[in-house]
Amino acid sequence: MKLHHLNASRSQRIVWLLEELGVEYALVRYNRDPQTRLAPDSLRDIHPMGKAPLLESDGHVIAESGAIAQHLLEKFDDGHRLHPAPGTPGHTLYLEWMHAAEGAPFLPGLFLGYLAMSGLGDHGLGDYLRQEKEKASRCIEDHLKDHAYFAGDAFSAADCMMGFQIKLAAEAGNLADGSATLDWFNRVSERPAYHRTLGVGV
Ligand SMILES: N[C@@H](CCC(=O)N[C@@H](CS)C(=O)NCC(=O)O)C(=O)O
């Protein structure tokens with residue numbers, strides 16, 4: 001199994017999940033262009049979108065971090081240690097947050113990043129996106145006030161998926177002291193698999 005990994009990208013989610021699963025994998029590294037932040041063209045030789053993460057597994061190239069995570073869990077998590085089975089506590093929360101990682105709570109920040117990168121930081125859309133981003137942060141904070149992890153009482157792949165966005169917020173100094181989100185981040189940062197993920201050099 002081979003993970004095509006771009007620095008400072010969502011493929012951190014998959015490195016973390018692979019480390020949690022304890023699965024052997026080969027890592028192929030790519031670096032963003034420092035000016036454009038785009039991936040090198042060589043990633044497009046693997047998949048037409050040329051975006052990371054990409055996983056080569058069982059003769060397939062899989063794009064989309066959520067699909068890759070689902071594939072890995074189906075293949076290596078029979079015991080449902082990292083993905084609550086249908087009908088068990090946490091399953092519906094798990095589903096919601098696995099998708100939220102690329103959905104409504106993630107998109108405003110992503111598009112704000114696109115505006116900034118395009119030199120359009122003061123575009124009128126920015127105010128709307130900042131409000132939406134604030135709403136997303138509140139939604140995450142409220143959830144983590146009531147639950148230890150995204151899927152409820154137990155750590156799951158949904159934490160690996162959501163971790164990318166929250167790590168970015170932590171690095172930008174956007175997680176308030178005493179917040180449930182910062183507490184979650186500090187707790188998951190102590191996990192041995194997270195330490196190994198950082199060792200890979202995200
Ligand atoms: N929805 C995709 C998004 C993939 C994506 O946009 N990856 C970014 C990194 S976070 C990328 O490769 N950007 C480089 C580029 O677009 O050239 C996923 O969840 O994997």
For residue 133, which lysines qualify as cross-link partners when the Cα separation must be under 17 Å and same-chain residues fewer than eight apart are set aside?
167
For the chain, what is the accessible area per residue in Å², given a 1.4 Å probe and the full set of protein chains?
53
Please give the charge dipole size of segment 91-191, origin at the Cα centre, charges +1 on K and R Cβ atoms and -1 on D and E Cβ atoms. Round to the nearest 20 debye.
120
Under the rule of -39500 (n - 2.57) per DSSP H run of 4 or more residues, summed and divided by the residues of the chain, what mean residue ellipticity at 222 nm is obtained, to the nearest 500 deg cm²/dmol?
-15500 deg cm²/dmol
Gained length - residue 95 relative to residue 49, 0.36 nm times residue gap less alpha-carbon distance
14.0 nm
Using the Kirkwood radius over Cα pairs of the chain, the Stokes-Einstein translational diffusion coefficient at 37 °C and 0.692 mPa s, in µm²/s and rounded to a whole number, is 186
State, to one decimal in nm, how far the label point of residue 146 lies from the label point of residue 170, with both points 7 Å from Cα in the Cβ direction.
2.4
Calculate one ³J(HN,Hα) per residue across segment 179-185 by plugging θ = phi - 60° into the Karplus curve 6.51 cos²θ - 1.76 cosθ + 1.60, and present them in order as whole Hz with x for glycine and proline.
6, 5, 5, 5, 4, 4, 4
Label points 7 Å out from Cα along the Cβ direction at residue 118 and residue 195: separation in nm?
4.3
R0 = 22 Å: FRET efficiency of residue 35 with residue 131, Cβ-based, nearest 0.05?
0.15
Computed over the chain: relative contact order in percent, which uses C-alpha pairs under 8 Å that are six or more apart:
23
Efficiency by 1/(1 + (r/R0)^6): what FRET value for residue 179 and residue 42, r their Cβ-Cβ distance, R0 = 35 Å, to the nearest 0.05?
0.30
Approximate spin-label separation residue 85-residue 60, in nm, with each point projected 7 Å along Cα-to-Cβ
2.3
If I ignore ligands, DNA and RNA and count only protein heavy atoms, how much of residue 139 is accessible to a 1.4 Å probe, in Å² to the nearest 10?
60
Could you pull out the chymotrypsin sites (Phe, Trp or Tyr not before Pro) across segment 97-202 that fall in loop regions by DSSP (anything but H, G, I, E, B) with no more than 12 other Cβ atoms inside 10 Å?
none
In whole percent, the fraction of accessible protein surface over the chain that belongs to carbon or sulfur atoms, probe radius 1.4 Å, stands at 53
What's the magnitude of the charge dipole for the chain around its Cα centre, counting Lys and Arg as +1 and Asp and Glu as -1 at the beta-carbon? Answer in Debye, nearest 20.
400
Calculated FRET efficiency, residue 7 and residue 107, Cβ-Cβ r, R0 25 Å, to nearest 0.05?
0.65
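The values are calculated or read from the model by the stated rules, or taken from the named source; none is laboratory data. These numbers come from a predicted model, not from an experiment. Virtual Cβ from ideal backbone geometry, glycine too; neighbours counted across all protein chains shown. Accessible surface is based on the protein model in full, side chains and every heavy atom, while ligands, DNA and RNA are left aside. Shrake-Rupley method; radii C 1.70, N 1.55, O 1.52, S 1.80 Å.
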